[in-house]
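Since the structure comes first, as structure tokens, the remarks are kept for the end.
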Amino acid sequence: MGMGKSACSVERVIALGVLLTLVSGCWAQFTIPERYDGFVYNAKPEKGRGPVMWEVFVDPLCIDCKMGWPVVKQVAERYGSSVVVIVHPFPAPFHHNAYFAARALHVAQMANSSLVYPLMELIFANQESFLNPSTNHETPAHVVSRMISLASDLGIPSNTFEAGFNDSVTDQATRISFKYGCSRGVVGTPTYLVNGVNVVGADESWSADEWAKIFDPMVKATGFGMIYPSS
Ligand SMILES: *[C@@H]1O[C@H](CO)[C@@H](O)[C@H](O)[C@H]1NC(C)=O
Ligand SMILES: *[C@@H]1O[C@H](CO)[C@@H](O)[C@H](O)[C@H]1NC(C)=O
């Protein structure tokens, strides 16, 4: 992670988060979503069952998330349906266009769910052009229009994608993603949960072999028939 210079991990904020939790006493109730938040990466878990659920909180405009993504894919491929990978978009407020990028993923999910990950990778590929320094003098509408044009490169018609961006359903879905991350105590990205438990210290520098130290014993163990969310 490169202690202290990471763009997106904000472990220094953890203390503040803990403090706020203590002060506020409990988490406020937010809208309970109709479906489990997030996008299932390896879409075909065997009948929705497997021993391991790996949740990754990703800000599409986070440099560390972009760096860590290839390893997530490698691990997903190594374990197939034994490790169900779910990405939750978690747009950091200090990346000014991150909310648009996260919403774009929900729009893609609505337009054609098999294009969520291709779009996320295309946003990663064009990430620099969406970061604060690159967009200081760009209107929000123009930033959105560039995301629409990325989606159109993937074959989602511009009209469809624009309509998705206009639809309050995708706004709600993106808010829920963000609030879900908050409710799990996420304060930086990427954050990784394995079967719901935060893997403290895991970051984008972890190799597939480091993840294997966690996952190998788990996939060898007998599953308990836990039911995982499907896309
Ligand atoms: C969704 O995208 C995939 C991958 O590009 C494509 O094969 C499929 O035809 C698309 N589905 C629809 C309904 O457009
Ligand atoms: C989206 O909303 C804008 C602003 O209200 C409107 O000009 C545009 O026609 C809408 N696009 C679609 C495809 O609905």
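Regarding Ile148, is this residue over 29 Å from Gly80 (Cα atoms) and either touching a helix residue (DSSP H, G or I) at 6+ places or on another chain (Cβ under 6 Å) or modelled with pLDDT under 95 (or both)? Break it down into steps so the answer makes sense when it comes.
Details: over 29 Å from Gly80 (Cα atoms): yes; either touching a helix residue (DSSP H, G or I) at 6+ places or on another chain (Cβ under 6 Å) or modelled with pLDDT under 95 (or both): yes.
In short, yes.
Please tell me if Asp167 is within 16 Å of ligand 2 (Cβ to nearest atom), under 17 Å from the mean Cα position of the chain (by Cα), farther than 18 Å from Phe130 by Cβ and surrounded by fewer than 16 Cβ atoms within 10 Å (Cβ to Cβ).
Values: within 16 Å of ligand 2 (Cβ to nearest atom): yes; under 17 Å from the mean Cα position of the chain (by Cα): no; farther than 18 Å from Phe130 by Cβ: yes; surrounded by fewer than 16 Cβ atoms within 10 Å (Cβ to Cβ): yes.
No, not satisfied.
Quick check on segment 110-125: of everything there that is surrounded by fewer than 24 Cβ atoms within 10 Å (Cβ to Cβ), free of Cβ contacts under 8 Å to residues at least 40 places away in the same chain and among the hydrophobic types (A, V, I, L, M, F, W, C), which residue is farthest from ligand 2 (Cβ to nearest atom)?
The residue in question is Ala125.
Return the residues of segment 126-153 that are small (Gly, Ala, Ser) and either open to solvent by less than 20 Å² (accessible area, probe 1.4 Å) or within 16 Å of ligand 1 (Cβ to nearest atom) (or both); say none if nothing qualifies.
Just the residues of segment 126-153 that are small (Gly, Ala, Ser), to begin with: 129, 134, 141, 145, 149, 151-152.
Within segment 126-153, Ala151, Ser152 meet the criteria.
Of the residues that make up segment 134-153, is at least one away from ligand 2 (no atom under 16 Å from the Cβ) and closer than 18 Å to Gln74 by Cα?
Taking segment 134-153 as the starting set, the residues that turn out to be away from ligand 2 (no atom under 16 Å from the Cβ) are 134-138, 150, 153.
From what is left, the residues that are closer than 18 Å to Gln74 by Cα are none.
The answer is no, given that none of the residues of segment 134-153 is away from ligand 2 (no atom under 16 Å from the Cβ) and closer than 18 Å to Gln74 by Cα.
Give me a count of the residues in segment 175-204 that are surrounded by fewer than 22 Cβ atoms within 10 Å (Cβ to Cβ), within 17 Å of the chain's Cα centre (by Cα) and either of a type outside the set (A, V, I, L, M, F, W, C) or within 16 Å of ligand 1 (Cβ to nearest atom) (or both).
Counting residues in segment 175-204 that are surrounded by fewer than 22 Cβ atoms within 10 Å (Cβ to Cβ), within 17 Å of the chain's Cα centre (by Cα) and either of a type outside the set (A, V, I, L, M, F, W, C) or within 16 Å of ligand 1 (Cβ to nearest atom) (or both) gives 10.
Quick one: in segment 154-164, which of the residues that are under 22 Å from the mean Cα position of the chain (by Cα) and open to solvent by 50 Å² or more (accessible area, probe 1.4 Å) is nearest to ligand 2 (Cβ to nearest atom)? Please lay out each step first, then the result.
Initially, segment 154-164 is screened for residues under 22 Å from the mean Cα position of the chain (by Cα), giving 154, 156, 161-162, 164.
Next, only the ones that are open to solvent by 50 Å² or more (accessible area, probe 1.4 Å) stay: 154, 162.
Details: Leu154: 17, Glu162: 4 Å.
So, considering only residues that are under 22 Å from the mean Cα position of the chain (by Cα) and open to solvent by 50 Å² or more (accessible area, probe 1.4 Å), the one nearest to ligand 2 (Cβ to nearest atom) is Glu162.
Give all pairs with beta carbons closer than 9 Å in which a residue from segment 135-147 that is closer than 23 Å to Thr160 by Cβ meets a residue that is open to solvent by less than 60 Å² (accessible area, probe 1.4 Å) and at pLDDT below 95; count only pairs at least 6 apart in sequence or on separate chains.
Correct list of pairs: empty, since none qualify.
What is the residue count in segment 72-109 for residues that are more than 20 Å from Ala141 (Cβ to Cβ) and either free of Cβ contacts under 8 Å to residues at least 40 places away in the same chain or in a helix (DSSP H, G or I) (or both)?
13
The values are calculated or read from the model by the stated rules, or taken from the named source; none is laboratory data. Fair warning: this is a prediction, and the values are worked out from it, not measured in the lab. With ideal geometry, Cβ positions are generated from the backbone for all residues, glycine too; neighbour counts draw on all protein chains shown. Quick note on the areas: whole protein, heavy atoms, side chains included, nothing else; ligands and nucleic acids left out. Shrake-Rupley method; radii C 1.70, N 1.55, O 1.52, S 1.80 Å.
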